[in-house]
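Notes to accompany the following structure.
The values are calculated or read from the model by the stated rules, or taken from the named source; none is laboratory data. These figures come from a predicted structure and were not determined experimentally. Cβ coordinates were reconstructed from backbone atoms using ideal geometry, including for glycine residues, and neighbour counts include every protein chain displayed.
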Amino acid sequence: MKSLLGGKGANLAEMCRLGLPVPPGFTISTDVCTYYYKHHSSYPKSLEAEVLENIRRIESEIGKTFGDPENPLLFSVRSGARASMPGMMDTVLNLGMNDKIVVGIANLSKNPRFAWDNYRRFVQMYGDVVLGLQPINPNDADPFEEIIDKLKAEKRIELDTDLSVDDLKFLVQEFKYVIKARTGKEFPTDPMKQLWGAISAVFGTHAKTININSTKSMTGHLLGAAGAIEAISSVLAIQNGIIPPTINHTVVDESINPELNLTLNNAQKRDIKVAMSNTFGFGGHNACVLFKKIEN
């Protein structure tokens, strides 16, 4: 069972078999993952219908509806594998929240702070895990934590629990702004798009850890020495731990794989071990050069 459902899925299935109280859910099998990589990051044709069927089943069991602002159903999404391995995707909780649904949860719970704090955490988790803003190395700055720390300093408070409802609303908007600035994409408000984004992130976990940029956005088409300049850029990136961005990029083409971690408009601090420079010149003079950091 573990080879088909992965470690977490198999454990949940075993708990259900034993009659333990497990919240309803569903597992996408490892066969789908195998298909995904064999067919150029595409899913089996039946998967969309099967996911929707299972959502409807859970809605019936719970008595809530996915995407309904008045009585919303939320999901948690977690990756799993046949064997535990580094780089696995973290959990995304409270998936399905948006500006309307957070109001519905506030009304149902009669606790606006509870609702907005969960929404704030969801936007942060989704930005980290699905949209690729998660720090990869210990020295990387977390853009969301930087925003929180700045607000707490301005308010002269120490704990997240001291943040007011208005503070949490402000953080949600600031988080969405930094997501747009870093990725060139709006934070998804459609719960179904959020779900498929999370599913794609599970299968494309490792793609999120690799930054992609274009120095040509800053230099333009050079008449000569383009390869040398791109090599210098790669070496300096490794030396200084800063990835130069693709500048003046405001709209991501829909044909670009959303799993790719594009470094847009803002440089990123990273502990860079290896950099690959793809130099494509006029007349078919193409080269791919790898640079590696020398560790003492």
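Laid out as a table, the results:
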{"read-out": "Qualifying residue in region 46-54 (condition: in the same structural domain as residue 182 (by TED's automatic domain parsing) and modelled with pLDDT of 95 or more)", "value": "no"}
{"read-out": "Verdict on residue 78 being loosely packed, with under 13 Cβ neighbours inside 10 Å and modelled with pLDDT of 85 or more", "value": "no"}
{"read-out": "Leading residue by the ranking (nearest to residue 191 (Cα to Cα)) among those in region 22-41 that are modelled with pLDDT under 85 and assigned to a loop (DSSP other than H, G, I, E, B)", "value": "41"}
{"read-out": "Identity of the residue in region 63-73, in a loop (DSSP other than H, G, I, E, B) and either of a type in the set (Val, Ile, Thr) or out of contact with any helix residue (DSSP H, G or I) (no Cβ under 8 Å at 6 or more places or on another chain) (or both), that ends up surrounded by the fewest Cβ atoms within 10 Å (Cβ to Cβ)", "value": "63"}
{"read-out": "Any hit, region 180-192, residues being in contact with a helix residue (DSSP H, G or I) (Cβ under 8 Å, 6 or more places away or on another chain), free of Cβ contacts under 8 Å to residues at least 24 places away in the same chain and either in the same structural domain as residue 48 (by TED's automatic domain parsing) or loosely packed, with under 13 Cβ neighbours inside 10 Å (or both)", "value": "yes"}
{"read-out": "From 3, 29, residue being among the hydroxyl-bearing types (Ser, Thr, Tyr) and closer than 21 Å to residue 76 by Cβ", "value": "29"}
{"read-out": "Selected residue [polar (S, T, N, Q), surrounded by fewer than 12 Cβ atoms within 10 Å (Cβ to Cβ) and out of contact with any His (no Cβ under 7 Å at 6 or more places or on another chain)] from 41, 46", "value": "46"}
{"read-out": "One residue from 227, 197 being part of a helix (DSSP H, G or I), in contact (Cβ under 8 Å) with a residue 60 or more places away in the chain and either loosely packed, with under 13 Cβ neighbours inside 10 Å or not assigned by TED's automatic domain parsing to the domain that holds residue 147 (or both)", "value": "227"}
{"read-out": "Residue 148 of a type in the set (A, V, I, L, M) and at pLDDT 95 or above", "value": "yes"}
{"read-out": "Contacts under 7 angstrom Cβ, first residue in region 109-133 being at pLDDT 95 or above, partner hydroxyl-bearing (Ser, Thr, Tyr) and part of a helix (DSSP H, G or I), 6 or more apart", "value": "115/109"}
{"read-out": "Unique residue being closer than 14 Å to residue 195 by Cβ, among the hydrophobic types (A, V, I, L, M, F, W, C) and not in a loop (DSSP other than H, G, I, E, B) when the list is 4, 52", "value": "52"}
{"read-out": "Scope region 143-169; condition surrounded by fewer than 16 Cβ atoms within 10 Å (Cβ to Cβ), hydrophobic (A, V, I, L, M, F, W, C) and in a helix (DSSP H, G or I); matching residues", "value": "153, 165"}
